[in-house]
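The structure appears below as structure tokens.
The values are calculated or read from the model by the stated rules, or taken from the named source; none is laboratory data. Given the structure is predicted, the values throughout are model-derived calculations rather than measurements. Every residue, glycine as well, gets a Cβ built from its backbone with ideal geometry; the counts of neighbours run over all protein chains shown. Only protein heavy atoms, including side chains, enter the accessible area calculation; ligands, DNA and RNA are left aside. Shrake-Rupley method; radii C 1.70, N 1.55, O 1.52, S 1.80 Å.
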Amino acid sequence: MVYDIIVIGLGPAGSTLARLLKNKKVLAVDNQNTLNKKPCGGLLAPDAQKLLAHYDLVIPKEVLVSPQIFSVKTMDLESKMIRYYQRYYLNMDRYLFDKYLVSLIPKNINIINGRCIDIVKEDNIFNVAVRTNKEIKKYKALSVVGADGCSSIVRRKFYKDNMMKYMAIQEWYKCTDKSNSFYSCIFDRKTSSSCSWLIHKDEYLIYGGAFDITNCKQKFEIQKQRVAKFLDIDLSNVYKKEACQVYRPKYYCDFITGKNGAYLIGEAAGFISPSSFEGISSAIKSGESLAKSFNKYNDLSKVSTSYKHKVLPLKIKLILKVIKRVFMYNYFLRNIIMKLGISSIKVNK
Ligand SMILES: Cc1cc2nc3c(=O)[nH]c(=O)nc-3n(C[C@H](O)[C@H](O)[C@H](O)COP(=O)(O)OP(=O)(O)OC[C@H]3O[C@@H](n4cnc5c(N)ncnc54)[C@H](O)[C@@H]3O)c2cc1C
């Protein structure tokens with residue numbers, strides 16, 4: 001059997017695509033499970049909320065975690081400056097959110113829990129090798145879609161994968177004391193050219209950050225000590241540690257949508273905010289855009305052009321965030337903005 005489309009990855013991008021495809025023979029392959037969860041802050045930004053609302057979708061209560069967040073406590077460890085900014089995120093269990101999106105995929109779509117380990121294109125047919133618990137099986141399709149996040153196998157096989165990456169490392173700590181629950185964004189130029197975060201999720205506290213790949217483990221440990229000292233909190237009782245790479249788009253050419261039957265959506269295409277690493281909204285938007293293009297055209301060259309046009313506003317939005325990044329991540333500019341208190345809110349303790 002030759003599928004019309006094989007979707008690799010069922011994060012927000014892949015599950016949105018799979019949910020919206022019409023009249024196609026589709027196979028979806030994903031290797032996320034309880035032992036292999038996507039490391040994430042699990043914050044659903046307003047743009048993502050709006051996209052879900054657009055499909056009349058609501059988030060089940062089980063997906064949400066406590067506390068819900070109204071502001072981000074932003075701190076610079078070097079200047080010791082702290083400011084609060086209003087935010088409208090939903091605080092979620094990311095794994096349950098992904099499972100919820102997968103549950104919306106129509107039953108006619110075949111889903112395999114396994115890892116795609118190879119893709120070869122021969123005579124316009126893609127041969128996709130998938131490793132499951134039991135065996136390695138091969139599947140054929142006219143198109144493949146890389147919805148497999150950073151370091152996507154589809155991107156590595158068919159396109160350039162030289163976009164800048166960070167190593168995101170997160171640790172979870174058991175934390176029953178909820179008296180000081182908060183969501184923090186941390187800057188520390190001594191240990192990272194990016195940012196870090198602290199988020200409470202039910203009975204856990206997550207501390208994580210994005211680090212330059214060289215010596216990332218040491219930089220994480222040094223920064224962790226600095227954060228613990230600055231906030232006077234205990235980060236020694238580690239419940240679990242997780243890590244994955246995360247893209248940071250810098251140039252327009254970092255965004256690759258694909259052509260000739262090999263397409264990219266979500267983070268695999270480079271669609272992630274370079275300033276905040278918010279990526280769920282871009283994943284949903286690009287999955288929706290490719291689904292609409294597949295539903296409208298059978299000719300693959302038309303699918304490519306249509307998808308490229310549909311995601312142009314998304315590319316422009318993300319490129320503008322490259323400029324925003326300069327203000328956020330330059331030590332002097334950031335501290336001037338924080339000192340002036342621009343857009344910050346006054347917190348009375
Ligand atoms: C530490 C961290 C924190 C973040 N926090 C936030 C946040 O709070 N809010 C936000 O909006 N964004 C956040 N992001 C970004 C966000 O997680 C991603 O941009 C978003 O998940 C991208 O969605 P996606 O569907 O493109 O890919 P992913 O969510 O990465 O999904 C890819 C899926 O493909 C599967 N997969 C990968 N390779 C294969 C393979 N070879 N075979 C089969 N399956 C495969 C994976 O298991 C996964 O299920 C964060 C990122 C990181 C790293």
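What is the sum of charges, Lys and Arg at +1 and Asp and Glu at -1, for the other residues whose Cβ falls under 11 Å from the Cβ of S306? For residues surrounding S306, the net value is +4. Among the listed pairs K285/K349; K137/K174; K174/K346; K157/K250; K99/K339, a Cα-Cα separation exceeding 32 Å is found for K285/K349; K137/K174; K99/K339. Dividing the summed helix terms, -39500 (n - 2.57) for each DSSP H run of n ≥ 4, by the number of residues in the chain produces a 222 nm estimate of -9500 deg cm²/dmol to the nearest 500. Viscosity 0.692 mPa s, temperature 37 °C: give me the Stokes-Einstein translational D for the range 200-349 in µm²/s, with Rh taken as the Kirkwood radius over C-alpha pairs. In µm²/s, the coefficient is 177.
Whole-Hz Karplus values for the range 24-39 come out as 10, 8, 10, 10, 10, 10, 8, 10, 7, 7, 4, 8, 9, 9, 5, x Hz, taken residue by residue from phi with 6.51 cos²θ - 1.76 cosθ + 1.60 and θ = phi - 60°; glycine and proline positions read x.
Peptides 128-139, 243-254 ordered by packing proxy, namely the average of other Cβ atoms within 10 Å per residue, highest first: 243-254, 128-139. Under a no-solvent Debye model with one identical scatterer per Cα of the range 134-289, what's log10 I(q)/I(0) at q = 0.08, 0.19 Å⁻¹? Rounded to two decimals, the profile gives -0.30, -1.12. Under the simplified labelling scheme, the T214-R189 pair shows an inter-label distance of 1.9 nm, with each label point 7 Å from Cα along Cα→Cβ. Once the Cβ-Cβ distance of I233 and K25 is raised to the sixth power relative to R0 = 35 Å, the FRET efficiency obtained is 0.10.
Both radii come from the Cα set of the range 69-157: Rg as radius of gyration, Rh as Kirkwood radius; their ratio Rg/Rh reads 1.20. Compactness ratio for the chain: Cα radius of gyration over 2.2 N^0.38 Å (N = residue count) comes to 1.01.
Annotation: extensible slack from I319 through K37 equals 98.6 nm (criterion: 0.36 nm per residue apart, minus Cα-Cα distance). Here K190 is the anchor, and the aspartates and glutamates within straight C-alpha reach of less than 13 Å, apart from those fewer than 8 places off in the same chain, are D76, E78, D212, E221. In the context of the full set of protein chains, the range 104-194 has a per residue accessible area of 52 Å² (1.4 Å probe). Taken over the Cα atoms of the range 1-149, the convex hull encloses 163 Å³ per residue.
Pairs K25/K315; K38/K240; K201/K240; K61/K240: which exceed 18 Å Cα-Cα? Exceeds cut-off: K25/K315; K61/K240.
The HN-Hα couplings worked out from phi for the range 49-65 by the Karplus form 6.51 cos²θ - 1.76 cosθ + 1.60 (θ = phi - 60°) are 4, 5, 5, 5, 4, 4, 9, 6, 9, 10, 8, x, 4, 4, 7, 7, 10 Hz, whole numbers, x standing for Gly and Pro.
Once amide H atoms are built 1.01 Å from N in the peptide plane, which residues 5 or more positions from D118, or in another chain, come under 5 Å H to H? The list, which skips near neighbours in sequence, is A129.
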